(Lines give C-alpha, C1' and ligand atoms only; values in the text may rest on other atoms or scores of the structure.)
Protein backbone atom coordinates (compact mmCIF):
# COMPACT_ATOMS: atom_id res chain seq x y z
CA UNK A 1 0.00 0.00 0.00
CA UNK A 2 1.42 3.36 -0.98
CA UNK A 3 0.76 6.60 0.88
CA UNK A 4 -1.99 7.80 -1.45
CA UNK A 5 -3.93 4.57 -0.95
CA UNK A 6 -3.47 4.88 2.81
CA UNK A 7 -4.62 8.51 2.64
CA UNK A 8 -7.82 7.60 0.77
CA UNK A 9 -8.70 4.81 3.23
CA UNK A 10 -8.05 7.07 6.20
CA UNK A 11 -10.13 9.86 4.70
CA UNK A 12 -13.15 7.60 4.13
CA UNK A 13 -12.79 6.12 7.60
CA UNK A 14 -12.58 9.62 9.09
CA UNK A 15 -16.07 10.45 7.86
CA UNK A 16 -17.46 7.25 9.38
CA UNK A 17 -15.73 7.93 12.71
CA UNK A 18 -17.20 11.45 12.78
CA UNK A 19 -20.70 9.99 12.52
CA UNK A 20 -19.95 7.51 15.31
CA UNK A 21 -18.49 10.30 17.46
CA UNK A 22 -21.62 12.41 17.04
CA UNK A 23 -23.87 9.75 18.52
CA UNK A 24 -21.39 8.89 21.27
CA UNK A 25 -21.13 12.53 22.35
CA UNK A 26 -24.91 12.84 22.48
CA UNK A 27 -24.73 10.34 25.35
CA UNK A 28 -21.32 11.04 26.92
CA UNK A 29 -20.12 14.63 27.36
CA UNK A 30 -16.35 15.09 27.33
CA UNK A 31 -15.27 15.79 30.94
CA UNK A 32 -13.66 19.21 30.79
CA UNK A 33 -14.79 22.78 31.40
CA UNK A 34 -18.19 22.98 33.05
CA UNK A 35 -18.64 19.25 32.54
CA UNK A 36 -15.53 18.25 34.52
CA UNK A 37 -16.06 15.25 36.77
CA UNK A 38 -14.13 12.62 38.66
CA UNK A 39 -13.17 9.23 37.30
CA UNK A 40 -11.21 10.18 34.19
CA UNK A 41 -7.72 9.64 35.56
CA UNK A 42 -4.72 11.96 35.66
CA UNK A 43 -5.38 15.65 34.99
CA UNK A 44 -3.19 18.48 33.71
CA UNK A 45 -3.61 22.25 33.82
CA UNK A 46 -6.09 23.47 31.22
CA UNK A 47 -3.56 25.93 29.78
CA UNK A 48 -1.02 23.19 29.17
CA UNK A 49 -3.70 20.81 27.96
CA UNK A 50 -5.04 23.20 25.32
CA UNK A 51 -1.50 24.07 24.19
CA UNK A 52 -0.62 20.39 23.75
CA UNK A 53 -3.88 19.64 21.96
CA UNK A 54 -3.81 22.50 19.48
CA UNK A 55 -0.10 22.96 18.77
CA UNK A 56 0.15 19.92 16.45
CA UNK A 57 -2.33 21.53 14.06
CA UNK A 58 -0.07 24.54 13.60
CA UNK A 59 3.31 22.79 13.72
CA UNK A 60 2.43 19.77 11.56
CA UNK A 61 0.64 21.89 8.95
CA UNK A 62 3.83 23.92 8.61
CA UNK A 63 5.84 20.71 8.13
CA UNK A 64 3.47 19.44 5.42
CA UNK A 65 3.68 22.86 3.74
CA UNK A 66 7.49 22.89 3.78
CA UNK A 67 7.76 19.28 2.58
CA UNK A 68 4.95 19.30 0.04
CA UNK A 69 5.34 18.06 -3.51
CA UNK A 70 3.47 21.06 -4.90
CA UNK A 71 5.34 24.20 -5.87
CA UNK A 72 4.53 27.10 -3.60
CA UNK A 73 1.89 29.31 -5.18
CA UNK A 74 -0.06 32.38 -4.16
CA UNK A 75 -3.14 30.22 -3.58
CA UNK A 76 -1.32 27.75 -1.32
CA UNK A 77 0.19 30.63 0.62
CA UNK A 78 -3.27 32.11 1.20
CA UNK A 79 -4.68 28.75 2.34
CA UNK A 80 -1.67 28.23 4.61
CA UNK A 81 -2.23 31.68 6.12
CA UNK A 82 -5.95 31.00 6.67
CA UNK A 83 -5.22 27.80 8.58
CA UNK A 84 -2.50 29.38 10.68
CA UNK A 85 -4.61 32.45 11.45
CA UNK A 86 -6.92 30.17 13.40
CA UNK A 87 -4.43 27.74 14.89
CA UNK A 88 -1.67 30.10 15.98
CA UNK A 89 -4.29 31.86 18.07
CA UNK A 90 -5.93 28.64 19.26
CA UNK A 91 -2.65 26.98 20.24
CA UNK A 92 -0.42 29.78 21.46
CA UNK A 93 -2.71 32.61 22.59
CA UNK A 94 -6.11 31.23 23.63
CA UNK A 95 -4.75 28.79 26.28
CA UNK A 96 -3.26 31.68 28.25
CA UNK A 97 -6.65 33.37 28.52
CA UNK A 98 -7.93 30.44 30.60
CA UNK A 99 -8.08 30.35 34.38
CA UNK A 100 -4.73 28.97 35.55
CA UNK A 101 -6.53 26.91 38.23
CA UNK A 102 -8.60 24.90 35.76
CA UNK A 103 -7.61 21.33 34.96
CA UNK A 104 -8.60 18.72 32.38
CA UNK A 105 -8.13 14.95 32.04
CA UNK A 106 -4.96 13.84 30.29
CA UNK A 107 -7.02 11.37 28.25
CA UNK A 108 -8.97 14.30 26.72
CA UNK A 109 -5.68 15.99 25.83
CA UNK A 110 -4.38 12.84 24.15
CA UNK A 111 -7.59 12.43 22.16
CA UNK A 112 -7.26 16.05 21.06
CA UNK A 113 -3.66 15.47 19.96
CA UNK A 114 -4.76 12.43 17.94
CA UNK A 115 -7.61 14.30 16.28
CA UNK A 116 -5.51 17.32 15.37
CA UNK A 117 -2.65 15.18 14.08
CA UNK A 118 -4.91 13.11 11.79
CA UNK A 119 -6.92 16.10 10.66
CA UNK A 120 -3.80 18.11 9.88
CA UNK A 121 -2.32 15.19 7.98
CA UNK A 122 -5.43 14.85 5.82
CA UNK A 123 -5.65 18.56 5.03
CA UNK A 124 -1.93 19.25 4.78
CA UNK A 125 -1.04 16.29 2.63
CA UNK A 126 -4.01 16.87 0.35
CA UNK A 127 -3.27 20.56 -0.22
CA UNK A 128 0.49 20.30 -0.57
CA UNK A 129 0.93 16.85 -2.14
CA UNK A 130 -2.16 15.01 -3.40
CA UNK A 131 -4.43 17.75 -4.76
CA UNK A 132 -4.57 18.46 -8.51
CA UNK A 133 -3.06 21.82 -7.61
CA UNK A 134 -4.47 25.29 -7.10
CA UNK A 135 -3.71 27.80 -9.82
CA UNK A 136 -3.53 31.52 -8.89
CA UNK A 137 -6.91 32.13 -10.54
CA UNK A 138 -8.50 29.85 -7.89
CA UNK A 139 -8.43 32.92 -5.62
CA UNK A 140 -11.06 34.47 -7.92
CA UNK A 141 -13.21 31.35 -8.18
CA UNK A 142 -16.68 31.84 -6.63
CA UNK A 143 -16.15 28.73 -4.47
CA UNK A 144 -13.00 30.15 -2.95
CA UNK A 145 -14.46 33.63 -2.54
CA UNK A 146 -17.58 32.31 -0.80
CA UNK A 147 -15.54 29.90 1.31
CA UNK A 148 -13.06 32.56 2.38
CA UNK A 149 -15.93 34.88 3.31
CA UNK A 150 -17.51 32.15 5.46
CA UNK A 151 -14.13 31.38 7.01
CA UNK A 152 -13.62 35.05 7.91
CA UNK A 153 -17.16 35.42 9.26
CA UNK A 154 -16.78 32.29 11.40
CA UNK A 155 -13.41 33.42 12.68
CA UNK A 156 -14.75 36.85 13.68
CA UNK A 157 -17.81 35.31 15.37
CA UNK A 158 -15.67 32.80 17.25
CA UNK A 159 -13.29 35.47 18.51
CA UNK A 160 -16.16 37.84 19.39
CA UNK A 161 -17.93 35.14 21.39
CA UNK A 162 -14.78 34.07 23.24
CA UNK A 163 -13.94 37.68 24.10
CA UNK A 164 -17.50 38.43 25.25
CA UNK A 165 -17.59 35.36 27.48
CA UNK A 166 -14.20 36.22 29.00
CA UNK A 167 -15.16 39.85 29.65
CA UNK A 168 -18.48 38.84 31.19
CA UNK A 169 -16.74 36.41 33.53
CA UNK A 170 -14.29 39.08 34.63
CA UNK A 171 -17.09 41.58 35.20
CA UNK A 172 -19.44 39.23 37.04
CA UNK A 173 -16.85 37.20 38.91
CA UNK A 174 -18.69 34.04 37.81
CA UNK A 175 -17.15 31.40 35.57
CA UNK A 176 -20.42 30.66 33.79
CA UNK A 177 -23.06 33.33 33.43
CA UNK A 178 -26.05 34.38 31.33
CA UNK A 179 -25.54 36.82 28.45
CA UNK A 180 -28.58 38.40 26.80
CA UNK A 181 -27.14 40.60 24.06
CA UNK A 182 -26.10 40.15 20.46
CA UNK A 183 -26.13 36.64 19.10
CA UNK A 184 -26.13 35.30 22.67
CA UNK A 185 -29.86 36.09 22.70
CA UNK A 186 -30.40 33.29 20.19
CA UNK A 187 -27.82 30.60 20.96
CA UNK A 188 -25.98 29.39 24.03
CA UNK A 189 -22.69 28.78 22.22
CA UNK A 190 -22.02 31.28 19.42
CA UNK A 191 -18.31 30.44 19.72
CA UNK A 192 -19.17 26.93 18.52
CA UNK A 193 -21.34 28.31 15.72
CA UNK A 194 -18.41 30.46 14.60
CA UNK A 195 -16.06 27.50 14.49
CA UNK A 196 -18.51 25.37 12.51
CA UNK A 197 -19.06 28.17 9.98
CA UNK A 198 -15.30 28.72 9.77
CA UNK A 199 -14.48 25.13 8.84
CA UNK A 200 -17.35 24.72 6.39
CA UNK A 201 -15.93 27.86 4.78
CA UNK A 202 -12.56 26.11 4.68
CA UNK A 203 -14.14 23.07 3.00
CA UNK A 204 -15.65 25.32 0.33
CA UNK A 205 -12.49 27.37 -0.16
CA UNK A 206 -10.36 24.24 -0.64
CA UNK A 207 -13.15 22.37 -2.50
CA UNK A 208 -11.86 19.12 -1.01
CA UNK A 209 -13.11 16.05 0.84
CA UNK A 210 -10.25 16.57 3.28
CA UNK A 211 -11.59 20.02 4.12
CA UNK A 212 -15.14 18.68 4.34
CA UNK A 213 -14.01 15.95 6.74
CA UNK A 214 -12.74 18.66 9.10
CA UNK A 215 -16.03 20.54 8.91
CA UNK A 216 -18.02 17.36 9.57
CA UNK A 217 -15.82 16.47 12.55
CA UNK A 218 -16.20 19.98 13.94
CA UNK A 219 -19.99 19.75 13.76
CA UNK A 220 -20.00 16.20 15.14
CA UNK A 221 -18.01 17.38 18.15
CA UNK A 222 -19.52 20.79 18.85
CA UNK A 223 -23.22 20.23 18.20
CA UNK A 224 -23.57 17.65 21.00
CA UNK A 225 -21.35 19.67 23.33
CA UNK A 226 -23.39 22.78 22.65
CA UNK A 227 -26.55 20.90 23.56
CA UNK A 228 -24.90 19.72 26.79
CA UNK A 229 -23.95 23.35 27.56
CA UNK A 230 -27.54 24.45 26.99
CA UNK A 231 -28.94 21.77 29.30
CA UNK A 232 -26.35 22.62 31.95
CA UNK A 233 -27.17 26.32 31.72
CA UNK A 234 -30.89 25.64 32.09
CA UNK A 235 -30.19 23.66 35.26
CA UNK A 236 -27.55 25.90 36.87
CA UNK A 237 -28.22 29.49 35.74
CA UNK A 238 -31.34 31.07 37.18
CA UNK A 239 -33.83 32.36 34.62
CA UNK A 240 -31.94 30.95 31.63
CA UNK A 241 -34.24 31.42 28.58
CA UNK A 242 -36.14 28.25 27.67
CA UNK A 243 -36.39 29.19 23.98
CA UNK A 244 -32.65 29.67 23.46
CA UNK A 245 -30.96 27.17 21.12
CA UNK A 246 -27.62 25.49 21.67
CA UNK A 247 -25.61 26.35 18.54
CA UNK A 248 -27.78 26.89 15.43
CA UNK A 249 -30.37 29.70 15.74
CA UNK A 250 -33.88 28.25 15.54
CA UNK A 251 -32.62 24.73 14.76
CA UNK A 252 -30.31 23.12 17.34
inquiry  = I'd like the full set of residues that are buried (at least 18 other Cβ atoms within 10 Å of the Cβ), part of a helix (DSSP H, G or I) and over 16 Å from the mean Cα position of the chain (by Cα), limited to the stretch 205-226.
reply    = 205, 206
request  = Determine which single condition residue 31 fails, assuming it passes every other condition in (1) under 18 Å from the mean Cα position of the chain (by Cα); (2) within 24 Å of residue 93 (Cβ to Cβ); (3) surrounded by fewer than 18 Cβ atoms within 10 Å (Cβ to Cβ); (4) at pLDDT below 95.
outcome  = (2)
request  = Just give me the residues in the stretch 152-180 being within 19 Å of residue 100 (Cβ to Cβ) and touching a helix residue (DSSP H, G or I) at 6+ places or on another chain (Cβ under 8 Å), in sequence order.
outcome  = 162, 165, 166, 175, 176
Given (1) on the phi > 0 side of the Ramachandran plot; (2) touching a residue at least 60 places away in the same chain (Cβ under 8 Å), index of the condition residue 39 fails = (2)
inquiry  = I'm checking my understanding of the structure. Among residues of the stretch 162-179 that are touching a residue at least 40 places away in the same chain (Cβ under 8 Å) and either under 18 Å from residue 232 (Cα atoms) or over 22 Å from the mean Cα position of the chain (by Cα) (or both), which one is surrounded by the fewest Cβ atoms within 10 Å (Cβ to Cβ)?
reply    = 175
query = When residue 23 is evaluated against the numbered criteria (1) crowded, with 18+ Cβ neighbours inside 10 Å; (2) over 19 Å from residue 198 (Cβ atoms); (3) modelled with pLDDT of 95 or more, which criterion, by number, is the only one it fails?
reply = (1)
task = Collect the residues in the stretch 95-116 that are touching a residue at least 12 places away in the same chain (Cβ under 8 Å) and in a loop (DSSP other than H, G, I, E, B), keeping them in residue-number order.
result = 98, 99, 100, 102
note = Given (1) surrounded by 13 or more Cβ atoms within 10 Å (Cβ to Cβ); (2) modelled with pLDDT of 95 or more; (3) farther than 20 Å from residue 213 by Cα, residue 140 misses just (1)
remark   = Residue count, the stretch 61-87, condition crowded, with 19+ Cβ neighbours inside 10 Å and within 16 Å of the chain's Cα centre (by Cα), comes to 5
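The values are calculated or read from the model by the stated rules, or taken from the named source; none is laboratory data. Here the structure is a predicted model, which is why all the values come from computation and not from measurement. Cβ atoms come from the backbone with ideal geometry, glycine included; neighbour counts cover every protein chain shown.
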